[in-house]
1. Compute the relative contact order of the chain as a whole-number percentage, counting only Cα pairs closer than 8 Å that sit 6 or more residues apart in sequence.
2. Please calculate how many Å² of accessible area the chain carries per residue, with a 1.4 Å probe and no DNA, RNA or ligand atoms counted.
3. For region 55-112, what class follows from the C-alpha gyration tensor (a ≥ b ≥ c being the square roots of its eigenvalues): rounded when a/c is under 1.5, otherwise prolate if a/b is larger than b/c, else oblate?
4. Return the sequence-ordered ³J(HN,Hα) values of region 66-80 in whole Hz as given by the Karplus equation 6.51 cos²θ - 1.76 cosθ + 1.60 applied to θ = phi - 60°, using x for Gly and Pro.
5. Run the accessible area of the chain with a 1.4 Å probe and give the carbon-and-sulfur part as a rounded percent.
6. Amide H of L201 versus every other amide H placed in the peptide plane: which residues, excluding those fewer than 5 positions away on the same chain, fall under 5 Å?
7. Expected output is a single nm value to one decimal: the length gained when fully extending between S59 and D180, i.e. 0.36 nm times separation in residues minus the C-alpha distance. What is it?
8. With each pseudo-label sitting 7 Å past Cα toward Cβ, what's the S155-D120 distance in nm, one decimal?
Amino acid sequence: MLYYCAVRVILVRDYDQVSVRAAQFVADEIKKNPSLVLGLPTGSTPVGMYKELVKLFQSGTISFKKASAFQLDEYVGLAPDHPQSYQFFLKDHFLDNVDFPASNAHFLDGMSQDIPKTCDIYETSIRKSGGLGLVILGIGRDGHIAFNEPGSSLSSRTRLKTLDHTTIRDNARFFDQPEDVPKFAVTMGVGTIMDSKMVLLLASGRNKAQVVSDVVEGPMTAMVTGSILQMHPKVTVIIDGEAATRLRRLDYYTKVEEMWDEKLSV
Ligand code: F6R
């Protein structure tokens, strides 16, 4: 087999190219399987990808009519109509701008009075939908995927998580006052994400360079929850030049992609 990286790394020029390439990836998978079950991230990184997906929908290239979606995580204490809630973000940037059936979009209730029950119901809904087909991830500077902060169990399921101070500081940019940033979240677990048939991780910019190398090439450790993706059979990482600067085997990943492209074009 030509392709044998533990993690497939696709290097592109800049953030815009990360967005275009990621949207292309998702579109290809939706075309192969219109009933794809997606795990959807929020944050700054996927904004461009969502824009590109909306364009692909508007041009008639793809449809989400049969797809399903589960949000990766949600702040505790924010109502769905709060502009900083992740449910609001996903509807605003993506779901409301394409033909996604409302009944197929699943959200975590950050206002629930019984969070463990909410989390159990969420896991059951994922199972009932046939399991996650493609989880899309950003990566926190502390290595978190979804809100699985350092030290999370690598087999964890959807649950309540206390946010790390790095994450709270990083997310303060979205709130008027630093003290407004929620301190807790409900999040898919690392085990929930690892059960997905495919994973796509996106990263852009110099401030992600260290964590990208920790995730792709570092030792597997619960201190960088994204590093467990090295155990997943089908992970693709799309990064730009700045996020790639600390990868030791970048030449190798680039060569593998070139050889793969040549093989596909013969
Ligand atoms: C958000 C999420 C987080 C973010 C991560 C990176 O739903 O799951 O793991 O992906 O915090 O955020 P950005 O993209 O803002 O750097």
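1. Normalised by residue count, the contact order of the chain is 25 percent.
2. So the chain comes to 46 Å² accessible per residue, rounded to a whole number.
3. prolate
4. 9, 7, 10, 9, 10, 6, 6, 7, 8, 5, 7, x, 9, 6, x
5. For the chain, the apolar C and S fraction of the accessible surface comes to 53 percent.
6. L137, T236, V237, I238
7. Taking S59 through D180 to full extension adds about 39.6 nm, to one decimal.
8. A separation of 1.9 nm, rounded to one decimal place.
The values are calculated or read from the model by the stated rules, or taken from the named source; none is laboratory data. In this text, all values refer to a predicted model and were calculated from it rather than measured experimentally. Every residue, glycine as well, gets a Cβ built from its backbone with ideal geometry; the counts of neighbours run over all protein chains shown. Ligands, DNA and RNA are stripped out before the accessible areas are found, and what is left, the full protein with its side chains, is counted by its heavy atoms. Shrake-Rupley method; radii C 1.70, N 1.55, O 1.52, S 1.80 Å.
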